[in-house]
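Q: Handing you a structure now.
The values are calculated or read from the model by the stated rules, or taken from the named source; none is laboratory data. Just so we're clear, the structure is a prediction, and the values are computed from it rather than from any experiment. Heads up, the Cβs are rebuilt from the backbone with ideal geometry, glycines too, and the neighbour counts pull from every protein chain shown. Just the protein is used for accessible areas: all its heavy atoms, side chains included, with ligands, DNA and RNA removed. Shrake-Rupley method; radii C 1.70, N 1.55, O 1.52, S 1.80 Å.
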Amino acid sequence: MKRTNLLQTLPDAYKAMSALENYVNGTELDPIHKELIKLRASQINGCAYCLDMHSRDARKMGETEQRIYTLRAWRDTPFFNEKEQAILTLTEEVTLISKGGVSDDTYNKAVEILGDKYVNQVIMAAITINAWNRIAISTHLQPALQK
């Protein structure tokens, strides 16, 4: 059964989500960091629509196929630097918030590496993509086949 389109049925809610996305886009977060956050949260949440969109966006920004393909196993590769590792750990814990929250160790290490403001921007980016994932999954948004 086809599900409703949020943009059509609740345009003000969609506008509010878009405003949050625009806020995140205007932060100091490195564009590749934003895409890594979006991809990793979308992997955890199983959002095919967002994975498709953000893997294409990451490629356009110069992200490598190798890093995109191995992102799910980032801890087992040498491909991600210390900043990216802190961002990915924080993103995972925000995404899996019901499994114990964001640990003091993760938070403190991220602040040490990234600084307070950048950490809070990462948290807002993770919250935003998690919300988009939930919208896409619950309304059954499907990626279009690229030719």
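Q: On a full-extension model of 0.36 nm per residue, what is the gain between Tyr14 and Arg75, subtracting their alpha-carbon distance, rounded to one decimal in nm?
A: 18.5 nm
Q: Which value in nm describes the separation of the simple spin-label points at Arg134 and Arg59, placed 7 Å from the Cα toward the beta carbon?
A: 3.1 nm
Q: Among Ser55, Ser98, Ser18, which one shows the biggest mean-square fluctuation in a GNM of the chain, springs joining Cα atoms closer than 10 Å?
A: Evaluated over the chain, the most mobile residue of the options is Ser98.
Q: Per residue, how much accessible area does the chain show when a 1.4 Å probe rolls over the protein heavy atoms, in square angstrom?
A: On the way: 8600 Å² over 147 residues.
Solvent-accessible surface per residue comes out at 59 Å².
Q: What whole-number distance in Å separates the alpha-carbon centres of segment 1-36 and segment 49-65?
A: So the two Cα centres are separated by 16 Å.
Q: Right, another one. Under a Cβ-only charge scheme (Lys and Arg +1, Asp and Glu -1), can you give me the dipole magnitude of segment 1-55 about the Cα centre, in debye to the nearest 20?
A: Details: 6 positive and 6 negative charges, 59 e Å.
My answer is approximately 280 debye.
Q: Would you be so kind as to identify which of Asn130, Ala86, Val119 lies farthest towards the positive end of the dipole of the chain, taking Lys and Arg as +1 and Asp and Glu as -1 on Cβ and the Cα centre as origin?
A: Towards the positive end, the residue furthest out is Asn130.
Q: Sticking with this one: Counting only protein heavy atoms and a 1.4 Å probe, tell me what percentage of the chain's accessible area is made up of carbon and sulfur.
A: Details: 4710 of 8600 Å².
Result for the chain: 55 percent of the exposed heavy-atom area is carbon or sulfur.
Q: Subtracting the Cα-Cα distance from 0.36 nm times the residue separation, let me have the gained length for Lys117 to Asn22 in nm, one decimal.
A: Working: separation 95, 0.36 × 95 = 34.20 nm, distance 1.73 nm.
Gain on extension, Lys117 to Asn22, equals 32.5 nm.
Q: Let me ask something else about it. Excluding residues on the same chain fewer than 8 positions from Lys34, give the lysines whose Cα lies under 25 Å from its Cα.
A: Lys15, Lys60, Lys83, Lys99, Lys109, Lys117
Q: May I pose another question? Helix 82-95 versus the longest principal axis of the chain: what angle, 0 to 90°, nearest 10, using Cα atoms?
A: Once rounded, the angle reads 50 degrees.
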